Structures are given as C-alpha cells and as structure tokens.
1. Does the range 121-133 contain at least one residue that is surrounded by 18 or more Cβ atoms within 10 Å (Cβ to Cβ), part of a strand (DSSP E or B), touching a helix residue (DSSP H, G or I) at 6+ places or on another chain (Cβ under 9 Å) and at pLDDT 90 or above?
2. Tell me which residues, restricted to the range 15-52, are among the hydroxyl-bearing types (S, T, Y), more than 16 Å from H75 (Cβ to Cβ) and either touching a Lys or Arg at 6+ places or on another chain (Cβ under 9 Å) or part of a helix (DSSP H, G or I) (or both).
3. Read through the list (1) open to solvent by 40 Å² or more (accessible area, probe 1.4 Å); (2) in contact with a strand residue (DSSP E or B) (Cβ under 8 Å, 6 or more places away or on another chain); (3) at pLDDT 95 or above; (4) not basic (K, R), then give the number of the only condition that Y53 fails.
4. Is it fair to say A43 is closer than 16 Å to V123 by Cβ and without any contact (Cβ under 8 Å) to a residue 12 or more places away in the chain?
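The values are calculated or read from the model by the stated rules, or taken from the named source; none is laboratory data. Since we're looking at a predicted model, the values are computed, not measured. Positions of Cβ are backbone-derived with ideal geometry, glycine not excepted, and every protein chain shown enters the neighbour counts. The area values use the complete protein model at the heavy-atom level, side chains included, leaving out ligands, DNA and RNA. Shrake-Rupley method; radii C 1.70, N 1.55, O 1.52, S 1.80 Å.
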Amino acid sequence: MDVVELRVPADVRNIRRARQWVRTQALTRGVTAQPLRVVELLASELVTNAVKYGRGTEVLVRLGVVADGLRVEVHDDNPTLPQVLDPSREQAGGRGMRLVSMLAGTWGVDPHPGDGKSVWFAVPVEEDGAVAVAG
C-alpha cells in the first residue's frame with residue numbers, strides 16, 4: 001500500500017499546511033477537479049478537529065491509496081470519539097463531521113488505547129482512476 005505521512009505541530013497555523021500537503025499528495029495520485037476539492041475539504045475538517053480537540057503537541061496526517069480508493073487519516077492524542085452533530089443555522093461550528101459523513105465514501109475512527117485515535121475517510125476510485133465522491 002502506498003502511504004505517505006506528514007507530522008505537524010498541533011497549531012491552527014498548520015491546518016493550511018496540512019491541507020496543501022494533502023492536495024499535493026492527492027494530485028500526484030491522479031485526483032483532479034471536484035473530487036480534489038472534496039478531499040481537501042474533508043482533510044481540512046479532520047485536521048482542524050485534531051488541532052482544536054487533540055491533547056497532544058502534534059498531529060499526524062496519513063494519505064494512501066487503498067483497495068477501495070484514496071484514504072486520508074488524521075491522528076491526535078485525544079481518545080474522545082468525534083460526533084456527527086446537527087447544529088442550528090445560528091451555530092458557527094459543529095459541521096465538520098457531518099460533511100465527512102455526507103461526502104466521504106466511507107469513514108471511521110480507529111481508537112488507539114493510551115494514544116488517542118485516528119479519524120479517517122476514504123473516497124472511492126472509479127475505473128478511469130478518478131476519485132468518485134459520495135452524495
């Protein structure tokens with residue numbers, strides 16, 4: 001399996017850096033246009049959550065091509081599992097995991113007892129090599 005990773009300090013200034021890295025890695029794997037924007041958006045949401053709610057000093061981002069498509073995984077040190085919320089229109093935040101659940105082909109959480117968790121999403125790859133987006 002082709003997997004690359006990036007470690008960044010858990011700081012809001014690194015959300016953009018992680019998003020740009022995911023974009024570059026996805027492009028080198030043939031992801032284009034609309035699917036690329038979705039991959040960037042969902043990766044950005046996961047990294048933002050890891051920075052905001054993680055307990056550690058570092059966030060680990062992994063990207064790889066797996067049997068069912070392109071997978072992006074974000075690890076943080078907080079064992080609390082993310083929740084898909086349904087915020088009101090007046091609420092400023094709380095929509096990140098809803099976007100992941102709506103736009104990713106699949107997503108999930110891998111708990112790491114004593115070491116936090118990894119939240120991931122996968123976007124399926126179509127026959128022509130393009131990444132298909134759910135929803």
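1. yes
2. From the range 15-52, those among the hydroxyl-bearing types (S, T, Y) are 24, 28, 32, 44, 48; that's our starting set.
Within this subset, residues satisfying the condition of being more than 16 Å from H75 (Cβ to Cβ) are 24, 28, 32.
T24, T28 - these are the residues of the range 15-52 that are among the hydroxyl-bearing types (S, T, Y), more than 16 Å from H75 (Cβ to Cβ) and either touching a Lys or Arg at 6+ places or on another chain (Cβ under 9 Å) or part of a helix (DSSP H, G or I) (or both).
3. Result: Y53 passes all but (3).
4. Details: closer than 16 Å to V123 by Cβ: yes; without any contact (Cβ under 8 Å) to a residue 12 or more places away in the chain: no.
Criteria not met by A43.
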